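Undergrad: My structure is below; once you've seen it, I'll send some questions.
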Amino acid sequence: MSGHSKWATTKHKKAVIDARRAKSFAKLIKNIEVAARIGGPDVAGNPALELAITKAKKTSVPNDNIDRAVKRGSGQLGEAVDYQTIMYEGYGPQGTALLIECLTDNKNRAASDVRLAVGRNGGTMADPGSVSYLFTRKGIVSVPKAQGAEAGSESVLTEDDLLMAVLDAGAEEVKEEGENFTVISDPKDLPEIRTALNEAGLEYDNDEAGFVPSMHVQLETENAKKFVRIYDALEDLDDVQNVYSNADMSAEVMAQLEED
């Protein structure tokens, strides 16, 4: 989820990719604004801003957009927007847990939009604490198995090679997920993980602090379709930054989703 969802890879049509790209830009810009508002516009003295800008550049957000976001967030262009982070909880099919992270300047709008997206697509909202106990905040880095594709000298990364690169940097676990490996760590060890990957010459993306479930629920095909509808509806909301869940799907189920 939030960029490293396995089922998100089934969404490959150009129109969907373009829409997701625009939404990703908007989220990254918002993160820059918030970091600049909290810690100021000086990257050297604001690690959160440095990270937000690095992620934006990695996703090819134009430098002009980044510069404007820094100035807007730090109040250099007038009154800065006051964003707040809100977590909503809910249930999807087969009792799957949903943790919905919003960054918004209008709490009432965000709450209404999330409730509508979940309810209209067969899910239900939950009281605070109902599902959040199933998740732990972790550092999450997605590392493609195919390395060097952009440079034209593609090679395939092995799990052992990745483990050797990140183990001493604080990595707790490396998971194989489709075309990527996911490195799990304590959030505070993310900078060391990134440094270790850079020193090893390994490409990576989706380096962020997020929520990892303690258990997973394997979805049957029909319930997987329902879950994807909820997930997509939430991802399309401007205020939603990330959607975390303990839903999981087998390769066979994902193949059926592809066919549909």
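The values are calculated or read from the model by the stated rules, or taken from the named source; none is laboratory data. Small disclaimer: the values here were computed from a predicted structure and weren't measured. Because the Cβ atoms are built from the backbone with ideal geometry, glycine has one as well, and the counts that use them run over all protein chains shown. Protein only, heavy atoms only, side chains kept; ligands, DNA and RNA dropped before computing areas. Shrake-Rupley method; radii C 1.70, N 1.55, O 1.52, S 1.80 Å.
Undergrad: Summarise the accessible area of region 34-111 (1.4 Å probe, protein heavy atoms) by the percent that is carbon and sulfur.
TA: Ligands and nucleic acids excluded, carbon and sulfur reach 47 percent.
Undergrad: Under the definition of Cα pairs under 8 Å and six or more residues apart, what whole-number percent is the relative contact order of region 59-105?
TA: 28
Undergrad: GluC sites (Glu not before Pro), restricted to region 55-120: which are DSSP loop and have at most 11 other Cβ atoms within 10 Å?
TA: E79
Undergrad: Can I ask one more? Please quote Rg/Rh for the chain to two decimal places, taking the Kirkwood radius as Rh and restricting both calculations to Cα atoms.
TA: Using only Cα positions, Rg/Rh for the chain is 0.96.
Undergrad: How big is region 152-227 by Rg and Dmax over its Cα atoms, in Å?
TA: Over region 152-227's Cα set, Rg and Dmax evaluate to 14.8, 44 Å.
Undergrad: List every residue whose amide H lies under 5 Å from the amide H of V217, counting only residues 5 or more places away in sequence or on a different chain, with H placed 1.01 Å from N in the peptide plane.
TA: A247, D248
Undergrad: Test of understanding: what is the full-extension gain from A200 to R68, defined as 0.36 nm times their sequence separation minus their Cα-Cα distance?
TA: Working it through step by step, the gained length comes to 44.2 nm.
Undergrad: Still on this structure, please answer the following. So what's the back-of-envelope 222 nm ellipticity for the chain, counting only DSSP H runs of four-plus at -39500 (n - 2.57) apiece and dividing by all residues, rounded to 500?
TA: That comes out to -13000 deg cm²/dmol.
Undergrad: For region 233-260 and region 42-118, what is the centre-to-centre distance using only Cα atoms, to the nearest Å?
TA: Comparing the Cα centres of region 233-260 and region 42-118, I get a distance of 20 Å.
Undergrad: Taking a threshold of 18 Å on the Cα-Cα distance, which of the pairs K30/K107; K30/K55; K107/K188; K27/K58 fall above it?
TA: The answer is K107/K188.
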